[in-house]
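Step one of this worksheet: look at the structure below.
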2 protein chains.
Amino acid sequence: MSRKAVMTTDKKQAILDSALQLFVKKGFNATSTASIAKAAGVATGTLFHHFPTKKDIMSQLFLSIKQEFATNMISNTDFIGDIEQDANTLWQKAIDWAIAQPLKQLFFLQYSMSADIDADVRKQAMNSILGFVVELIEQGKQQQIIADFPNALLLENCHGQYLAAIRFFTDNPNLGDDDAHRNASFRLFWQAMKA
Amino acid sequence: MSRKAVMTTDKKQAILDSALQLFVKKGFNATSTASIAKAAGVATGTLFHHFPTKKDIMSQLFLSIKQEFATNMISNTDFIGDIEQDANTLWQKAIDWAIAQPLKQLFFLQYSMSADIDADVRKQAMNSILGFVVELIEQGKQQQIIADFPNALLLENCHGQYLAAIRFFTDNPNLGDDDAHRNASFRLFWQAMKA
DNA sequence: GTCTATATGCCGATAGAC
DNA sequence: GTCTATCGGCATATAGAC
C-alpha cells in the first residue's frame, strides 16, 4: 500500500524480467542487449555491469526459472505415499504452474532443447533441480508400480510428455481448466509410466 | 564409379547441406551466411541468388527434412491391419531413420520448437507432412484400440514422446540397437496411446 | 548462375565520469 | 552501481562484371 513499498532499485531483476519477455517474443539472437536495457529502464553499461555477456543473461534466466518451478513443485505438496496419486498431484501442479506463468511456459517450450543455452547449464538444471522426479521414479520402481525401464529413458519420457502437454495447453488456452483434457493428459502420462 | 558421376553443379543443394551441418553445430544465429557459403564452396552472391534471406534457407531446410522423414515413413511399409503392430513397425522405422541420420535427428531436437522457424512453416509441416500420423490415430480410435482422448492432445503427445526417444538414443548412441531399450521406448509410447 | 567487392547498419562490449 | 558516449567488428544483403 505505501508509496515506497519495496521500491525495486533492483535493476538486475528488471533486466532478467525484460530479457524473459523479449527472448520469448523475439528469440535470443533477435533480441539486442540494447533493447533489453531499454525495456528494463537501465543503461547498457548497467546491463553489462550485472552480466558479463549476453549469454550470461540467458543462463541465469534459465536456471532461475527452472529453480522457481522446482521449488513450487516440492513446497506445500502433501505426499500420501500412493505413487499414482502423488504423481497425479505433481502433474496437475506442474500444469497449473505452466498455465499461471504463460511467459515461463513459452520459455520452457522454446529453450528446453535450444542451442542458445549451453549444454552444461541444461545438464545442471536436469540433475540438481529436477532431482525430485528421479526420486519419485526410483521409489515407484521399487514398489513395482512404475515400469521397469531404464531410468534415463523414463526421465527423458517424463520431460517429453510434460512439454507436449504444456504445448497443447498453450495452443488451446481455453482448455486449461477443462477437467476432461487435464485428466486425459495425466492418463496419457501415467499409462506410459506405470508397470 | 565414373569420374564425372552426377557432377553436382547443384550449388543450391550444397548450400542446404552445409547449412544443416552448421545450424546443428553452432546454432542458427551463430552461423553466418558467409560461413555457409564458404563451407558449401560457393560465393555469398550465389547463396543470396538461391535464397532471398537467411531465414529462407532455414525454412526450406526444415520442410525438406520433414518431407524426407515422412516419405521414408510411408514408403515400403507393409500395413497388416493390426494397429498395435503397425504402430510398432512405424515407431521402429522412425527410430531407425533418426539413428541413420544423426545430423537430421539433432536438427529435429534443436529446431522442432524453436523460434528460429516461423510458426506457419512449422504448422505446414505438422498438417500436410505428418498427416499419416493423424490417420493412424483416427483409425485406432474407431477400432477402440487407441484411447479416446482429444486428437490434438494425442498428436502432440506422439510428437513429444518421439522427441524424447530420439533425445535418449542421441545421448546413448550405443543403445541404438539394443532390443531391450528399443522395445522399452515403444512400450512407453504404446501404453500411453492404447485404450 | 556464379563470382568479387563492398556498403552500411547494427550489435556486443568498454571507458570513464559521477 | 549507474550513467553517457562510443568503438571496432561483423553480418546480411547488394551491385555489377563475367
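Structure notes:
- Taking the longest Cα principal axis of chain A as reference, the axis of helix A:102-111 is set at about 80 degrees.
- Between the helical axis of A:54-74 and the longest alpha-carbon principal axis of chain A there is an angle of about 40 degrees.
- Distance from the stretch A:33-104 to the stretch B:141-184 (C-alpha centre basis), Å: 28
- Sequence ranges B:122-130, A:178-186, ranked by mean other-Cβ count within 10 angstrom, highest first: A:178-186, B:122-130
- Remark: label point of A:Asn72 defined 7 Å out from Cα along the Cα-Cβ vector; separations to the same position in other copies 3.8 nm, ascending.
- Cα-projected label distance for B:Gln124 with B:Arg187, points at 7 Å along beta-carbon direction, nm: 4.2
- Placed amide H near B:Lys194: partners under 5 Å, 5+ positions off or other chain: B:Ala147
- Net charge of neighbours whose Cβ lies under 11 Å from the Cβ of A:Phe69, counting Lys and Arg as +1 and Asp and Glu as -1: +2
- Whole-Hz Karplus values for the stretch B:166-176 come out as 6, 4, 5, 6, 6, 6, 10, x, 5, 8, x Hz, taken residue by residue from phi with 6.51 cos²θ - 1.76 cosθ + 1.60 and θ = phi - 60°; glycine and proline positions read x.
- Whole-Hz Karplus values for the stretch A:26-39 come out as 10, x, 5, 7, 7, 9, 7, 4, 4, 5, 5, 4, 4, 4 Hz, taken residue by residue from phi with 6.51 cos²θ - 1.76 cosθ + 1.60 and θ = phi - 60°; glycine and proline positions read x.
- The charge dipole of chain A, taken about its Cα centre with unit charges on the Cβ of Lys, Arg, Asp and Glu (plus for the first two, minus for the last two), comes to roughly 1000 debye.
- Environment charge of B:Asp116, counting only residues whose C-beta is closer than 13 Å and scoring Lys/Arg +1, Asp/Glu -1: +2
- Between copies, the label points of B:Gln85, set 7 Å from Cα on the Cα→Cβ line, lie 4.2 nm apart, reported in increasing order to one decimal in nanometres.
- The calculated FRET efficiency for the pair B:Asn151 and B:Asp171, based on their C-beta separation and a Förster distance of 25 Å, comes to about 0.25.
No value in this document is a laboratory result; all are computed from the given coordinates. As the structure is a computational prediction, the values presented were derived from the model and not from experiment. Please note: Cβ atoms are built from the backbone with ideal geometry, for glycine as well, and neighbour counts cover all protein chains shown.
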